1. Per 0.36 nm of contour for each residue apart, how much would the distance between Ile348 and Lys172 grow if the chain were fully extended, relative to their Cα-Cα spacing?
2. How do His114, His281, His147, His40 line up, fewest other C-beta atoms within 10 Å first?
3. To one decimal place, what orientation-averaged projected area in nm² is obtained for the convex hull of the Cα set of region 242-382?
4. Would you please give the FRET efficiency between Phe336 and Leu217, computed as 1/(1 + (r/R0)^6) with r the Cβ-Cβ distance and R0 = 51 Å, to the nearest 0.05?
5. What residue among Phe165, Ala187, Asn228 has its Cα farthest toward the positive end of the dipole of region 6-381, where the charges are +1 on Lys, Arg and -1 on Asp, Glu, each on the Cβ?
6. If you rank Lys155, Lys66, Lys166 by fewest surrounding Cβ atoms within 10 Å, what's the result?
7. If you average the alpha carbon positions of region 254-324 and of region 342-382, how far apart do those two centres end up, in angstrom?
8. With Cβ to Cβ distances under 11 Å as the rule, what net charge do the other residues near Phe42 carry (K, R +1; D, E -1)?
Amino acid sequence: MKKTLVAVAVIAAAGPAHAVSLLNTQYGSMDMTGRAYAGHYFGDDRDSEMYGSNTYMRFGVKGRSKINDTLTAIGTYEGQLNVGDKTAPATVPTIDTEKNSTVATRLAFGGVSHADYGTFTFGRQNGAANLVTSWTDVSLTDGYGNHGVGVGVDKFGTKRSSDVFKYSLTYKSFGTDLSYKLKTNQASCADGTCTDAADVAVDRDNSAWGIAMTYKLFTPFTLGASYNDGKQTYTNTTTKVTQDADDATLWTLGFRYDDKAFYAAFNYGKGSNWYKPDYDHDGYEAAIGYTFLSGWNLLAMWNLQDAEGTGPLAGKYNGKSTDTVNYYTLGAKYNFNRRLSIAAEYRINNKEADSFAAVKDPVTSLPVDAANDWQLAARYDF
């Protein structure tokens, strides 16, 4: 029986923990991982941020092969088959979910691991910041948490992103991740047409780099910090011209306590031009939970992000601040065995109608105070 909530964070980063061995020899190994997840969001069908189906099938393969006594080749692939009605518009009464299902690649990377000098990988993978920010990404269901500090999938190479180089090293009580996301956009003219000799070229650089460090003070308690810097552009809403913007930067500080039964974690993030160009933000995430020997997990989380307009690109929000994320969750999970579990998680959403990121009523298109929502899910890992 699993007794740790932190296992959820590991699963989020590298796939289900209960791998099925396909090959295991003195020269290498290959494991298959997967997850069948059937979830549903309940709440107000107009004013909740989450509503409807959240169902998918996840599958992956991990391989290791020996190069020599100190070097090992490694590779990972993980995909996800999403059920189509997850994004169905509210105005459509029925939808053929089999025809509208999509496959997404979550992870696809390879590299080498040295017995003494760490691991070097390239591909679609988590960036350095995830070493620390994953501590508060421990929701009992799939969808809540890790929204406060500002990290995200394909967001400046913090969580899962493509074209990322990463170096990881653990030495005694220290852990370090370094990552660099390559530029994937080609330069273009500011107005996108390049028809005039006077057109100004825009680099459209979207590269990013990050560094994270952890230190285990004593067995259950670990401290961590990370820094991330990303290039970005913006489009002038009046002239429709694309221009290079100031770098987006994010600092995070956090701690984690995990004694295999009681779990507590906290992360703070400070971003500049991170939420959007000419916006600063402060973000907070906290998680506290307990795992009982009977198979029950209880978990509470808090996510808050306060953003402020700091320049002309913020428009009418320049000089103003609001909570762009503000919620609590309470959840319970029961593990039938190490593979099958059911969970329910309730979110108290305090985001108001005057937020920069307010929920909009799908009928009136007007901003509204966000309604609470909750998710019920069954999960099988293999």
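We did not get these values from a lab; they are worked out from the coordinates using the rules stated. Every value quoted in this text rests on a predicted model; they were computed, and no experiment measured them. Neighbour counts are summed over all protein chains in view; Cβ atoms, including those assigned to glycine, are modelled from backbone coordinates with ideal geometry.
1. 59.3 nm
2. Ranking His114, His281, His147, His40 by Cβ neighbours within 10 Å, fewest first, gives His114, His40, His147, His281.
3. Projected area, direction-averaged: 11.6 nm².
4. 0.90
5. Working it through, the farthest residue towards the positive pole turns out to be Phe165.
6. Fewest to most other Cβ atoms nearby, the residues stand as Lys66, Lys155, Lys166.
7. Taking the Cα centre of each part, region 254-324 and region 342-382 sit 16 Å apart.
8. Taking every Cβ under 11 Å from that of Phe42, the sum is -3.
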